[in-house]
Amino acid sequence: MSTLNVDKVDPSTGTDLEIGTSGDTITIPSGATLTTTSATLNLPTTITATTEVKTNKVSPATGTAFALGDSGDTFTVPSGATIVNSGTATGFGITQTSFLPTAAPLIVNGDMAVAQRATSSTGLTGSGYFTVDRMHWQNDTLGTWTQIQEAQTSGDAFDAGFATAFRVDCTTADASPAAADFLQFHYVLEGQDVQMFKKGTSNAETYTVAFWVKSNKTGTAQVNLYDDKSRICSGTYTISSGDTWEHKIVTFAADTTNAIDNDNSAGLEIGWALDAGSNYTSGTVATAWETKAATDESVENLSLGDSTSNDWAITGIQLEVGTYTSADLPPFRHESYGDNFSRCQRYFQQRGKVARIGYGAGSCHTSTVVSGCTIFFPVEMRATPSQSQSASTEFYLTGSGQNQVCQSDTLGNEGISTMGVTTSAVGTSLAVGNCYWLNTVDGDGYIEWSAEL
Amino acid sequence: MITSAKYWKNVTEEEAHSIKAVINGVSCLVPMDNENTDYQNILKWVAEGNVIEEAD
């Protein structure tokens, strides 16, 4: 190898200077420095650096966007490294400042997995809790309905992880509701469970309600928030395609007035207005909190009761603190069935529907009465519950070598509280002083306790 | 929908602490507790002019 020592090489003509020939390798030795200060370095489309590139900034060559790698590439952020949001950058998804996590979702049974009462109920003309736990049906003389907990096997809601939904089918239509008729799917939260919204303070938070919905009816419908001070704030959503699961996100304004009581009574209610008479449709959608006016409750009227062809289904309900879009909505917090079930039991419990299930034993102090059968609730209920039961003939008083069918049409509710009940039962020709065990005859016997909101 | 209501004394009690009501076609014992929403609804039902029957 020969060496040419010069201080400068210039083109012989013009301004282009070429070093070497295609296929050549030009090596800059270790320890040498290649300085391009204040010069423009035109690089080829692809630069291959098999070791490490050190720079303080990477920016787009033109415009405002650049791509990092190609589809299928994997980029590893090493252990101990940190990716920092400067504070206002977007695209980071959930951040500590935008998301106030809760240990469990605010909505109990939002995935419609638990249905203690029944998985279907037909001929519904009134209001109440009929199938899926916590899901209230408000029907003021607007049609007749079948309600079911519907298993999902396909569709976008199923693909999003929801195996069950709450569904209603109209079985007797009311195409011309009377003025006071009203139909609403309804969920109620305790006041003590929504204090993080800081309603009634200068730091009041906004609300986001997200859910999956499917109906044969298309068009715009209304969702209402109600507080415990007879105030309302509303939003709307649009069902774009019939019989297709669609994910909806509805946001609601904050309210710096009218704090919600911090107790176990109804504090915040979410109502999906489905149909109504003229008393509820002539106003405007209240996008800011206001004193509730019936005329504002179903302005965007889906008219779900106008045909027996109509149905409406919902699942994946979530309530979040703050305002979200589809780009940054926190994921639905799925619970185990057991955790979900236990949370439902705060509001409703059922024991029975299994042959010979026991309700404790009591003592016989007259020839017809057994008392002191103590039943402890597995979960403390919200309030002292109402008690209902199957026919008394579905219960045995077992003792003194016999199974004696209960005679009274009502088991007692002595000492009932949020923690349990000490029930009594009536038989015939019982042995005074003996102990009798209250239990079901077969799978038709049950006792229920309800402390719903 | 409440269709009937009657004060209820358990067989071991001398005073009624509950109301036996038929709500949505289901007979139930409703404790006279202001936090119980069934009881709240019975009170509204009474305010509309209905009457709770005396206990047997």
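Tabulated values for the structure
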| read-out | value |
| --- | --- |
| Number of the condition not met by residue A:355 [criteria: (1) within 14 Å of another protein chain (Cβ to nearest Cβ); (2) aliphatic (A, V, I, L, M); (3) open to solvent by 50 Å² or more (accessible area, probe 1.4 Å)] | (1) |
| Test set (1) within 21 Å of residue A:374 (Cβ to Cβ); (2) free of Cβ contacts under 8 Å to residues at least 12 places away in the same chain - residue A:327 fails condition number | (1) |
| Some residue of the range B:45-54 being open to solvent by 70 Å² or more (accessible area, probe 1.4 Å) and facing chain A (nearest Cβ under 9 Å) | no |
| Residue A:342, sole failed condition from (1) in contact (Cβ under 8 Å) with a residue 40 or more places away in the chain; (2) surrounded by 15 or more Cβ atoms within 10 Å (Cβ to Cβ) | (1) |
| Among the candidates B:36, B:24, B:41, residue that is within 23 Å of residue A:347 (Cα to Cα), at the interface with chain A (Cβ under 9 Å from one of its Cβ atoms), of a type in the set (S, T, N, Q) and open to solvent by 40 Å² or more (accessible area, probe 1.4 Å) | B:24 |
| Residue count, the range A:111-143 (criterion: within 13 Å of chain B (Cβ to nearest Cβ) and surrounded by fewer than 22 Cβ atoms within 10 Å (Cβ to Cβ)) | 15 |
| Filtered residues of the range A:431-447 (kept if in contact with a Phe, Trp or Tyr (Cβ under 7 Å, 6 or more places away or on another chain) and open to solvent by 10 Å² or more (accessible area, probe 1.4 Å)) | A:441 |
| Residue count, the range B:8-20 (criterion: more than 8 Å from every other protein chain (Cβ to nearest Cβ) and open to solvent by less than 70 Å² (accessible area, probe 1.4 Å)) | 2 |
| Of all residues making up the range A:374-430, the number that are assigned to a loop (DSSP other than H, G, I, E, B), farther than 24 Å from residue A:345 by Cα, away from chain B (no Cβ under 14 Å) and touching a Cys at 6+ places or on another chain (Cβ under 9 Å) | 1 |
| Scan of the range A:287-324 for residues that are assigned to a loop (DSSP other than H, G, I, E, B), of a type outside the set (A, V, I, L, M, F, W, C) and within 30 Å of residue A:104 (Cβ to Cβ), ordered by number | A:287, A:292, A:297, A:322, A:323, A:324 |
| Inter-residue pairs, beta-carbon under 6 Å, first in the same structural domain as residue A:186 (by TED's automatic domain parsing) and closer than 13 Å to residue A:184 by Cα and in the range A:275-300, second part of a helix (DSSP H, G or I) and among the small types (Gly, Ala, Ser), 6+ apart | A:275/A:305; A:280/A:294 |
| Unique match (being in contact (Cβ under 8 Å) with a residue 12 or more places away in the chain and out of contact with any strand residue (DSSP E or B) (no Cβ under 9 Å at 6 or more places or on another chain)) among A:253, A:180, A:165, A:175 | A:175 |
| Test: residue in the range A:161-182 that is in contact with a Lys or Arg (Cβ under 9 Å, 6 or more places away or on another chain) and assigned to a loop (DSSP other than H, G, I, E, B) | no |
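Residue by residue, here is whether (1) open to solvent by 50 Å² or more (accessible area, probe 1.4 Å); (2) within 29 Å of residue A:160 (Cβ to Cβ); (3) not aromatic (Phe, Trp, Tyr) holds:
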residue	(1), (2), (3)
A:226	no, yes, no
A:232	no, no, yes
A:246	no, yes, yes
A:251	yes, yes, yes
A:257	yes, no, yes
A:262	yes, no, yes
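The values are calculated or read from the model by the stated rules, or taken from the named source; none is laboratory data. Please read all numbers here as calculations on a predicted model, not as lab measurements. All Cβ positions, even for glycine, are placed from backbone atoms using ideal geometry, and neighbour counts span all protein chains on display. With ligands, DNA and RNA removed, areas are computed over all heavy atoms of the protein, side chains included. Shrake-Rupley method; radii C 1.70, N 1.55, O 1.52, S 1.80 Å.
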